[in-house]
Amino acid sequence: MPDAPSTVPRKELSAPQKAMHKLGLVRDIDLALHLPLRYEDETRIVTLHDARDGEVVQVEGVVTKQDIQYRPRRQLLVTLDDGSDTCTLRFFSFYPSHQKTLAVGARVRVRGEVRGGFMGKTMMHPAFHAAGGELPEALTPVYPTSAQLPQAYLRKAVVSGLKRAELSETLPQPVLTSLQDTLRGLRAPLMSLRQALEYLHHPGPDVSLAALEDRSHPAWQRLKAEELLAQQLSQLQAKRERDALRAPALQTAPGGLHEQLLAALPFALTAAQRRVGEEIARDLHRQVPMHRLLQGDVGSGKTVVAALAAAIAIDSGWQCALMAPTEILAEQHFAKLIGWLEPLLEPLGKRVAWLTGSQKKKQRSEMLELIASGEAALVVGTHAVIQDQVQFKNLALAIIDEQHRFGVAQRLALRSKMGGAELGAGEPHLLMMSATPIPRTLAMSYYADLDVSTIDELPPGRTPIVTKVVSDSRRHEVIERIHAQVTEGRQVYWVCPLIEESEAIDLSNATETHAELSQLLPGVLVGLLHSRMPVAEKKAVMSLFSGGHMGVLVSTTVIEVGVDVPNASLMVIEHAERFGLSQLHQLRGRVGRGAAASACVLLYTPNEGGRLGETARERLKAMAETNDGFEIARRDLEIRGPGEFLGARQSGAPLLRFADLATDTHLLEWARAAAAEMLTRFPEAAERHVGRWLGTKAEYLKA
Ligand code: ADP
Ligand code: MG
């Protein structure tokens with residue numbers, strides 16, 4: 001059984017309790033699994049005489065002097081004498097309680113970093129308390145915490161959470177045996193979960209800190225195995241649950257919309273597009289909801305594959321929804337899909353509807369009616385598509401573009417609300433699209449629950465983008481190049497970085513560049529696009545640019561995803577060193593969409609030493625070396641590590657706290673096999689295990 005959640009009513013929570021809730025520390029097990037960031041050694045007291053410069057030590061002595069000084073700024077100075085030497089304790093912020101505990105004559109225990117100097121030894125802001133009490137036998141854990149939650153409070157909470165937590169064995173004997181075999185290969189004896197946790201919270205003073213730090217210690221191995229098992233179990237469970245659900249079986253009609261759309265396209269599909277199209281069609285034809293990720297590099301032509309899938313749903317008399325993360329992108333889909341589909345839908349008496357946040361009320365309610373009546377066969381929009389008032393008549397297929405840009409909660413909302421009246425208890429088919437691929441090994445092992453289709457080929461006739469890494473000191477050369485491109489009738493993007501902490505700086509950066517370019521490129525229409533502009537203005541700028549009337553578009557990262565202007569042939573990214581690798585690749589993908597030779601200039605600004613940070617340099621190097629999105633994803637994984645790669649991107653919070661997919665492959669393989677066995681042979685144990693580890697997060701992992 002999972003531990004019961006705390007029953008304390010919310011309004012009675014104290015500030016630290018609220019802070020604990022915020023950190024997700026609700027159940028005893030949550031506390032037990034909240035592991036230290038590091039440890040402090042309070043098991044020993046050293047003499048001041050022996051303390052080396054820069055060492056963090058614990059000393060005990062008598063206060064011989066207390067003073068408040070006002071220059072150069074207000075501070076409390078306390079002199080401590082332990083018989084071997086003296087030390088000045090210095091506090092820039094202090095309370096009356098400091099003065100009381102550190103009164104002259106008091107015997108205190110103090111812990112901090114010793115600095116030796118001309119004026120004798122000092123410690124800045126050491127931790128202290130009245131002397132006495134036994135020395136602890138174990139290292140003192142230091143937990144990740146927040147400002148409202150004092151370390152001492154959290155320590156106590158963890159101790160009692162750990163004591164109370166139900167930690168009995170969940171692994172049935174055969175699974176334990178296979179774990180033991182796997183661990184033997186890693187030279188780690190099997191520990192029980194309770195042993196492992198007690199050890200990690202309070203390791204003895206003789207522990208190898210290295211083994212704790214690199215997580216190779218047997219206690220860590222047990223924990224990682226448990227976590228991976230929980231993750232694999234929940235994935236497998238989700239898959240089995242979904243396999244038990246019903247979805248409408250969709251099929252193309254001979255001579256129907258699907259065929260007509262294919263015939264109407266101005267180009268032939270690539271072999272890869274045909275292949276993934278067939279994979280999707282096969283899924284749609286089954287009575288089980290599809291759960292498929294369509295990944296393909298930027299510009300590989302995912303939109304048309306989506307449109308063809310939509311045509312299958314519409315052919316069968318059902319509705320399809322297409323959701324995009326930004327209004328600009330939704331608008332583009334809308335324009336394109338209308339161009340392709342509307343002439344074909346018209347004879348059927350059907351329409352395309354669209355929904356965005358900025359829509360006028362009147363238009364919106366018109367659209368809602370079209371959707372509810374079923375007259376709108378295709379609904380395109382932003383997050384507005386999943387809002388409460390939207391009622392589909394019979395939605396059978398939901399498509400999410402640039403799915404990594406949506407939060408997990410939004411994906412869940414989509415799935416839960418999208419059952420239309422005619423679906424009954426069933427679910428619509430779900431197609432997610434992404435240009436930032438999950439490396440294959442990760443997709444196969446980690447996303448056990450997801451089917452993946454990959455477009456691994458670009459449409460013909462594209463010339464590869466040439467990428468140059470250029471220091472900002474050569475900015476004028478870049479501007480000359482822009483001039484040359486525009487003279488040839490080409491168009492140019494100039495992207496300024498998003499500085500998250502300060503939208504204002506971000507904006508001034510873009511507006512300054514806009515002014516600079518306008519001045520240096522007389523006779524060229526230079527536009528500006530940023531997220532805080534009114535939507536109507538954004539649309540006006542975008543349509544000037546896509547219509548070819550605007551030579552240069554300066555923007556913040558709002559153009560990052562999906563924007564498609566084939567005549568644009570030069571992309572300049574300012575402060576490229578501040579962007580993540582996959583974002584750089586996405587941005588670069590805005591050019592090279594037509595037949596013209598295209599280039600991407602990564603402008604970087606070196607720091608004061610004239611250098612770039614190491615990871616920034618690696619990112620820019622990777623960009624210059626390859627255009628291949630899969631290779632980029634692989635390097636990204638290498639530079640950032642999989643925890644960050646998966647976690648931050650997919651949900652905003654890392655899904656794996658302990659295990660590391662790059663290094664814990666043996667444990668992952670074990671967990672995969674163990675999950676299948678456990679779910680089939682020991683379903684109760686499986687449920688207990690998932691409940692303990694994931695609690696309320698289990699739902700999230702299924703999204
Ligand atoms: P992405 O996969 O990045 O979403 P898009 O769907 O926006 O790519 O397609 C990029 C461009 O390539 C669009 O202009 C699209 O019309 C065009 N395109 C798609 N498929 C083909 C094809 N088979 N042949 C030629 N052009 C294509
Ligand atoms: Mg796209």
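Numbers at a glance
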item	result
Nearest 10 degrees, 0 to 90: helix 271-285 Cα axis against the chain principal axis	80
Relative contact order (percent, whole number), the stretch 6-145, Cα cutoff 8 Å, 6+ residue spacing	27
Globularity index of the chain, i.e. its alpha-carbon radius of gyration over 2.2 N^0.38 Å	1.14
Additional length obtainable on full extension of the chain from residue 211 to residue 169, 0.36 nm per residue less Cα span	12.7 nm
The chain - mean residue ellipticity at 222 nm from DSSP helices (-39,500 (n - 2.57) per run, n ≥ 4, rounded to 500)	-13000 deg cm²/dmol
Signed unit charges on C-beta, dipole axis of the chain, positive-most listed residue 587, 127, 205	127
Residue-normalised accessible area of the chain, given per residue in Å² at a 1.4 Å probe	46
Rounded if a/c under 1.5, otherwise prolate or oblate - the stretch 238-301, Cα gyration tensor axes	oblate
Gained length - residue 537 relative to residue 45, 0.36 nm times residue gap less alpha-carbon distance	170.3 nm
For the stretch 1-137, alpha-carbon Rg relative to the globular expectation (2.2 N^0.38 Å, N residues)	1.37
Scattering profile of the stretch 270-324 at q = 0.25, 0.26 Å⁻¹ [log10 I(q)/I(0), Debye over alpha-carbon scatterers]	-1.15, -1.23
Nonlocal amide H pairs with residue 527, under 5 Å, H built at 1.01 Å	552, 553, 554
Cα centroid separation - the stretch 69-92 against the stretch 10-45, whole Å	32
The chain - percent relative contact order, Cα under 8 Å, separation 6 or more	13
Counting DSSP beta bridges with both ends in the chain, the antiparallel % (nearest 5)	35
Share of alpha-carbon pairs per 10 Å distance bin for the stretch 244-381, given as whole %	11, 42, 37, 10, 0
Gain upon complete extension [residue 524, residue 274; 0.36 nm per residue less C-alpha separation]	85.9 nm
Solvent-free Debye scattering, log10 I(q)/I(0), computed from the Cα coordinates of the stretch 29-100 at q = 0.22, 0.26 Å⁻¹	-1.03, -1.17
Base-10 log of normalised Debye intensity for the stretch 124-278 (one unit scatterer per alpha-carbon) at q = 0.12 Å⁻¹	-0.76
Degrees between helix 642-651 axis and first principal axis of the chain (Cα, 0 to 90, nearest 10)	60
Separation in nanometres of the label points that stand 7 Å from Cα toward Cβ, at residue 372 and residue 147	4.7
Inter-centroid distance (Cα atoms) of the stretch 509-552 relative to the stretch 282-313, Å	34
Residue pairs, from the table 22/361; 22/163; 361/393; 239/350; 18/100; 224/621, whose Cα atoms sit over 27 Å apart	22/361; 239/350; 18/100; 224/621
Accessible carbon and sulfur surface of the chain relative to its total accessible area, %, 1.4 Å	53
Qualifying trypsin sites (Lys or Arg not before Pro) for the stretch 181-218 [loop in DSSP, other Cβ within 10 Å: at most 14]	187
Mean shadow area of the stretch 465-626 over all directions, Cα convex hull, nm²	9.1
Equivalent ellipsoid semi-axes, the stretch 103-153, via Cα gyration tensor eigenvalues times 5, rooted, Å	24, 17, 13
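The values are calculated or read from the model by the stated rules, or taken from the named source; none is laboratory data. Model, not experiment: these values are computed from the prediction. Note that each Cβ is placed from the backbone with ideal geometry, even for glycine, and that neighbours are counted across all protein chains shown. SASA here: full protein model, heavy atoms, side chains in, ligands and nucleic acids out. Shrake-Rupley method; radii C 1.70, N 1.55, O 1.52, S 1.80 Å.
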